[in-house]
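What follows is a single structure, written as structure tokens, with notes after it.
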Amino acid sequence: MTTTFSTSDRNVIRELARRVADVAAMPIQRQRIDAWKRHNALRGQRPMILIFPEGAWRELLPESTLRCERPDTRGVEYNLRMRLYEHEHFRQDKPVEAEWVVQKAIRSTGWGLEAQWHYSDQATGARTFDPIIHTPADLRNIRAPQISVDEAASRASLEFAQDLLGDILHVRQVGVTHVSFHAMNWYTSWRGLEQTMLDMYENPSMLHEAMAIMLDGQQGMLRQYVSLGLLSLNNDATYHNSGGVSYSDELPQKDFAGTVRLCDMWGSAETQEFAQVSPEMHEEFALRYEKPLLAHFGLNGYGCCEDLTRKLDDVLTIPNIRRVSISPWADVDRCAARLKNQAIFSWKPHPAHLAGGFHPDAVRDYIRHTIEVCRQHGCTLEMILKDTHTCDGQVDRFDQWTKIAEEEVIRAYA
């Protein structure tokens, strides 16, 4: 099938793709990939740095900078411009590869429930919701997700990319690569966060029943991924957990014969909703139901924005745990002393430092402290600047932050 593009759109995309291919051909990209493989194997020589501007991209690259007309080509253009912007501005360790990854059109029926959200009239405003699970009887409304593949849509997406980019970038199609479990996120949007907290004291049997239902449903999803042949290796640039990339020479397993299994992949889970929950209840209502899922995978990550300082003893019992998220609210001194080099210290520096006033000296002291304490305890440190939903329009703050981080890494490890 031949896709019809305007000459203007095609020219814009192909010129950007050529520039990306040129950047990808630089020797530094191979060096970065090799560094990530050592890092992810806990053999890294220095801390790694990654930047995910997330919401701040609308300030770094406003929509007004795009030149394509069609919505689909504008999406491709934006992706390519993001790669080039990162290369030109950020002193980080994200490799640029000459490839374009196309996702298969994988469908899910969901859990049979639709959260009742009330959205703000502001573009980036908060939202509220009405709980839809009120009694144990309502748990019967939860349905195990059914997975399917839209083959026609998958082919169309692949042909679109091949036609537009195939002679410049390596176009490849993948199935399921990012596998992450978020049961409490889903459940609290149906039951309510406050009520779920009360249930841990007042109605623990209901919460256990809900988590058991969701464990079965997630196990069923994994079985369907396998039976449908949807798994693709993620030992590459695939985003992992709440930060980091997945380059690895430990995966797939040594007996890999071409068919991807769960044990050939990275997995991850998080329970941000339990940030203020005791370690004992975190284990009882979350980890107890996450560990059987994560046990399928060759390597695992855990956590996101929740503070895991007091919970590391339990987190480190996760099978094949390799990356642990150390949130902006965690005690980095205690975490470094406990984690040592048992798993990657995936530190999330506070994104608020890029909003309001920017204070380079304070940022430097903040970064230096974490680097020093992690070095003291032999940690494999990565600095993942993310959740930066605004930089107040001061786009050079990202450049300054990465420059400071790079300088501090060089100071400590040169």
A student applying the Cα gyration tensor rule (rounded when a/c is under 1.5; otherwise prolate if a/b is larger than b/c, oblate if not) would label the stretch 25-167 prolate
PRE zone check, label point 7 Å out along Cα-to-Cβ of R19, amide N under 12 Å, scope the stretch 377-414, hits none
Yeah, the stretch 84-171 with a ≥ b ≥ c from its alpha-carbon gyration tensor (a/c under 1.5 is rounded, else prolate when a/b outruns b/c, oblate otherwise) is oblate
Pseudo-spin-label distance S108 to R223, built 7 Å along Cα→Cβ, given in nm, is 1.7 nm
Taking placed amide H atoms and a strict 5 Å upper bound, the residues 5 or more places from Q173 or on another chain that come that close are V102
Under 5 Å from the placed amide H of R323, counting only residues 5+ away or on other chains, we find N300, G301, Y302, I344
Computed about the Cα centre, the charge dipole of the chain from +1 Lys/Arg and -1 Asp/Glu charges at the Cβ has a magnitude in debye, to the nearest 20, of 1100 debye
Here the FRET efficiency for S180 versus E209, based on Cβ atoms and R0 = 35 Å and rounded to 0.05, is 0.90
For the stretch 7-413, shape from the Cα gyration tensor axes a ≥ b ≥ c, cut at a/c of 1.5 then a/b versus b/c, turns out rounded
Once T317 and D399 are pulled to full extension, the length gained, defined as 0.36 nm per residue separation minus their Cα-Cα distance, is 25.7 nm
Surpassing 27 Å at the alpha-carbon level, of the pairs K37/K386; K37/K348; K311/K403, are K311/K403
Check: C-alpha center the stretch 244-318 vs C-alpha center the stretch 1-69, spacing in Å is 28 Å
Neighbours of L61 by Cβ distance under 13 Å: Lys/Arg at +1, Asp/Glu at -1, summed charge -1
What helix-only [θ] at 222 nm does the chain give? Using -39500 (n - 2.57) per DSSP H run of at least 4, over all residues, to the nearest 500, the answer is -13000 deg cm²/dmol
Rounded to one decimal in nm, the spacing of the 7 Å Cα→Cβ label points at R127 and N79 is 2.4 nm
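Rule-based calculations on the coordinates, nothing more; no lab input. All values reported here derive from a predicted model rather than from experimental measurement. All Cβ positions, glycine included, derive from the backbone under ideal geometry; neighbour counts span all protein chains shown.
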